[in-house]
Amino acid sequence: MRGVLALVATLLLMFILDLLVFGPVQHLAAQQQLRDSFRSQLAAGTAPVSEGDFNNVLLPDGAPVASILIPRLGVSEMIVEGTSSADLRLGPGHRRDTVLPGQAGVSVIMGRAAAFGGPFGGLQALQPGDQFE
């Protein structure tokens with residue numbers, strides 16, 4: 001019985017560590033890589049302007065498509081293509097069936113509120129008229 005309790009306690013501890021320690025570190029590393037990749041795409045003129053790249057090939061899940069800045073919350077995140085669990089570990093995700101951020105129309109961005117950096121954890125603190133870009 002003690003062995004089972006020790007195993008359950010260890011698994012629970014590892015889950016909490018992954019959620020609260022390793023997850024945010026992985027998120028920060030992924031965000032830096034995405035930011036570097038997007039900057040080089042902008043410099044080369046190959047940054048995405050539609051659901052496909054410049055060769056008209058669909059953007060892969062996890063590819064950087066935009067950045068979002070919410071000064072009131074201190075949020076500065078790269079947005080990735082896709083909204084799967086793996087994509088949202090990297091940062092906020094763009095729903096593939098909506099226009100890219102910055103284009104005419106409605107763009108849907110999804111993000112985590114608590115785990116893996118929790119970029120949208122403070123959205124309830126926004127007031128009408130607060131700016132984001």
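Can you sort Phe132, Phe38 from fewest to most other Cβ atoms within 10 Å of each residue's own Cβ?
Fewest-to-most ranking of Phe132, Phe38: Phe132, Phe38.
Annotation: for a label point projected 7 angstrom from Cα along Cα→Cβ of Val108, no residues of the stretch 23-60 have a backbone N closer than 14 Å.
Among DSSP bridges having both ends in the stretch 18-125, what percentage is antiparallel? Round to the nearest 5. Bridges in the stretch 18-125 are about 80 percent antiparallel.
Computed over the chain, the per-residue total of -39500 (n - 2.57) for DSSP H runs of n ≥ 4 gives a 222 nm mean residue ellipticity of -11000 deg cm²/dmol, rounded to 500.
Electrostatic tally near Val106: other residues with Cβ closer than 15 Å to its Cβ, Lys and Arg +1, Asp and Glu -1, net 0.
Ranking His94, Leu59, Ala30 by how far each Cα lies toward the positive end of the dipole of the stretch 20-97 (charges on Cβ) leaves Ala30 at the top. Taken over the chain, the percentage of Cα pairs per 10 Å bin, counting from 0 up to the bin with the maximum distance, is 12, 37, 30, 13, 6, 2, 0.
Every number here is computed from the coordinates shown, using simple stated rules; none is lab data. Quick caveat, the model's predicted, so the values are computed rather than measured. In this analysis, Cβ positions are derived from the backbone assuming ideal geometry, glycine residues included, and neighbour counts consider all displayed protein chains.
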